[in-house]
Structures are given as structure tokens and as C-alpha cells.
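The values are calculated or read from the model by the stated rules, or taken from the named source; none is laboratory data. Fair warning: this is a prediction, and the values are worked out from it, not measured in the lab. Note that we place each Cβ from the backbone using ideal geometry, even for glycine, and neighbour counts take in every protein chain shown. Areas reflect the complete protein model, heavy atoms only, side chains present, ligands, DNA and RNA absent. Shrake-Rupley method; radii C 1.70, N 1.55, O 1.52, S 1.80 Å.
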Amino acid sequence: MNAEAPVEPGRIVLITASHRVAPGLLSWPAWQTLHAADRVLCADGGHPQLPYLREAGVGVEIAAPSAQELVDACAGGRTVVVVAAGEGDQALTDGLSRMAGSGRVQMPDLELLPGSYDLPGARLLDLVQVMDRIRRECPWSSQQTHKGLAKYGIEEAYELVEAIEDGDRDELREELGDVLLQVVFHARIAQEDADEPFSIDDVAGTIVDKLIHRHPHVFGDADAESPEDVKAHWLRTKAVEKQRESVTDGVPLGQPGLALSAKLASRVRTAGLDVELPTGDGDRGDRGIGYELLAMAVRAEADGHDPEAALRAAARAYRDAIRAAEDRANVEG
């Protein structure tokens, strides 16, 4: 009597696909595996990939087998492909792991095959979706306007600068996210404008076009061998784009005084203008001090220093000295 031939265990392939990539855009190995499979299963009848799989001639069964049922379906060397739901199938994978770990079951070959991957920046799509839902459903967020949010943009920018100066990487990541939120929030509000709506895609498209145009040494035929060459390219293209009447055009007057003074001084120096500093002769009090600060800011900018950052650093040292004095007072008290 001949011994029975061993049963081939077959193969289980779990295909995953990123929800951040358009449905139907699968890798070539994934398409090959789907077409060659003996069975293709999917527990989610509304899976976004299903219409595209069926259009490509792949027969998909809507089924949610247990781990044991899936192993049995592979008997005889059959290949069964499972199209994973967006959140995965934890119960199925846990069951297969337990069976494999028991040592009592001849398991099929198990393979995880990514059908598509997230591209860099893919999580930005999640942010846009989350912001869209918050705008529609949150009682506070749904009522916000550009003007109402303006102060938060300023606050978040300062908090980002503080994180940079502190050198705290976790804080830096969080504050960058807060600044990014302001951009996405404003863009979402802008979609609702009755006269001139625009979206986050319009915002991104505008800055992409600007970056490409202002970097001819990267995207064009221009040459730039030093940071100074790059800055010269940037200033030339910016001047053509803006067609400004004055070098002061585009300088926001609402920024802190030292930063404003340094920016104006930079524009003057770059343009090669000979502008005498106002002295405020005869002024007393705040205005007189203001002219002195202006002169210091201009001198700092000419020496290659950021007067705003320098003053912040000095103020932080002053804060530390205050705390030290408070600690001494508490100990003596």
C-alpha cells in the first residue's frame, strides 16, 4: 500500500494598500499576484480597490474567513490572496500567528505584500481630511474667520522660534505642526469664499511655482556656486515678479521693531541706496530711545547679526537672572 503524498500547504498573501494613494494604483507584483491567485478574498464589500480589481478581471469574494478557514483554503498548494481593509484585520493576523506559533499545524507560506506605499508628505492628506471634518462639525472651528485666527498665527510663529532657540527637537516638531495647522485652517476657510475661493492645493501650487521660478540654478539653466549667487537669483526674480515701486514694498510694518528696522536696512544695503538715518534730534522719551534703537539695529544688520534674535537671547539671559534672584530670595526668606 502506497503512503499518501503529503498535502502541499499552499500560500497566503496579505495585500495592503495605502488609503492615501488613489485606488487602482497598485504595484506590478501586486497585480501579478492578484491575477495568479486561486482565490481573492476581501472582508469589506465597500473596499475602494474592489471596482478597480473587478475592472481588471480579478474575481473577488466578499468573505471574512477565520485563520483556520484560510489555512484550509490553501490546502493542495493553492494561493489565497486577502485584500486587507484600510485598518487591517488584527483578528485574522493574530489567529495566523497563534497557529504558526503552536507548532502543531503545517502552515502555508505567509507573505505580506504592500500593494502601494505612502509617498513623502502623504500624511498631509490626513491633515487636510481632519481639518475638513473639524471645519464642518466643530462648533468653534466652524465659526472662525481669517481675521479671528490671525493672532494665533503670530503666537504659533513665536512659539516655533522659541523651540528653535531652545534646541528641543520634540518641541520643534510639535510647533512646526501648529504652524502648519494655521496654513491648512486658513486654506480651508478660503474654500468657502463666495467671490474668490481657493484651496490648500492652490496654496501649495502657488508656492511650488514660486520656488521653481526663483531657483533657476536648480530647475533651469542658470548657475549658482555660492549662497550669494543664490540670493542674487532670488532677488532678481522676485523684483521681476513683484514690480515694486520701492524697496520697502512688501516689508510688513506689523513685525517687531528691531526686526522691522533690520529688514529695512537690509533692503537699503542690497539696493545700494545712500539713506541717512533719522536721528530724531530734540525728541525726548520713547521717541528718542526709538531712534537710538534704530541705529543699533541698522549697525547690527550691517555686521551680519540679527538684532531681534540678539535681543531675545539677552532677554532670556535676563529671565534666567530673574529666576536666580527669586530662588535666592526664597531661600533667604
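Residues considered: Arg188, Arg173, Arg236. Of these, the only one that is under 20 Å from Asp132 (Cα atoms), part of a helix (DSSP H, G or I) and either out of contact with any His (no Cβ under 8 Å at 6 or more places or on another chain) or among the hydrophobic types (A, V, I, L, M, F, W, C) (or both) is Arg188.
Has the stretch 203-214 got any residue that is modelled with pLDDT of 85 or more, among the acidic types (Asp, Glu) and either closer than 30 Å to Arg299 by Cα or surrounded by 12 or more Cβ atoms within 10 Å (Cβ to Cβ) (or both)? For the stretch 203-214, residues modelled with pLDDT of 85 or more, among the acidic types (Asp, Glu) and either closer than 30 Å to Arg299 by Cα or surrounded by 12 or more Cβ atoms within 10 Å (Cβ to Cβ) (or both): absent.
For the stretch 109-126, residues that are part of a loop (DSSP other than H, G, I, E, B), open to solvent by 100 Å² or more (accessible area, probe 1.4 Å) and not aromatic (Phe, Trp, Tyr) total 2. Scanning the stretch 36-50 for residues that are surrounded by 13 or more Cβ atoms within 10 Å (Cβ to Cβ) and not in a strand (DSSP E or B) gives Ala37, Asp38, Ala43, Asp44, His47, Pro48, Gln49, Leu50. Does Glu159 satisfy being surrounded by 13 or more Cβ atoms within 10 Å (Cβ to Cβ), in a helix (DSSP H, G or I), of a type in the set (D, E, K, R) and under 16 Å from the mean Cα position of the chain (by Cα)? The answer is no for Glu159.
Take the conditions β-branched (Val, Ile, Thr) and either under 30 Å from Ala187 (Cα atoms) or modelled with pLDDT of 95 or more (or both) and apply them to Thr79. Does it pass? It is true that Thr79 is β-branched (Val, Ile, Thr) and either under 30 Å from Ala187 (Cα atoms) or modelled with pLDDT of 95 or more (or both). Of the residues Gly59, Gly101, the single one that is among the small types (Gly, Ala, Ser), part of a loop (DSSP other than H, G, I, E, B) and open to solvent by 20 Å² or more (accessible area, probe 1.4 Å) is Gly59.
Within the stretch 97-115, residues that are free of Cβ contacts under 8 Å to residues at least 40 places away in the same chain reach partners that are surrounded by 15 or more Cβ atoms within 10 Å (Cβ to Cβ) and among the β-branched types (Val, Ile, Thr) with beta carbons closer than 6 Å, at six or more positions or on different chains, in the pairs Met99/Val105. In the condition set (1) in contact with a Ser or Thr (Cβ under 9 Å, 6 or more places away or on another chain); (2) in contact (Cβ under 8 Å) with a residue 60 or more places away in the chain; (3) open to solvent by 50 Å² or more (accessible area, probe 1.4 Å), Ile134 is compliant with all but (2). Does at least one position in the stretch 258-272 carry a residue that is modelled with pLDDT of 90 or more and within 30 Å of Gln143 (Cβ to Cβ)? Among the residues of the stretch 258-272, not one is modelled with pLDDT of 90 or more and within 30 Å of Gln143 (Cβ to Cβ), which makes the answer no.
Residues that are open to solvent by less than 80 Å² (accessible area, probe 1.4 Å), over 19 Å from Gly148 (Cβ atoms) and among the charged types (D, E, K, R) within the stretch 163-193 comprise Glu165, Asp168, Glu171, Glu175, listed in sequence order. Of the residues making up the stretch 196-237, those that are within 22 Å of the chain's Cα centre (by Cα) and among the hydrophobic types (A, V, I, L, M, F, W, C) number 8. Looking at Gln143, Gln129, Gln106, Gln90, just one residue is open to solvent by 70 Å² or more (accessible area, probe 1.4 Å), polar (S, T, N, Q) and either modelled with pLDDT of 95 or more or touching a His at 6+ places or on another chain (Cβ under 6 Å) (or both), and that residue is Gln143.
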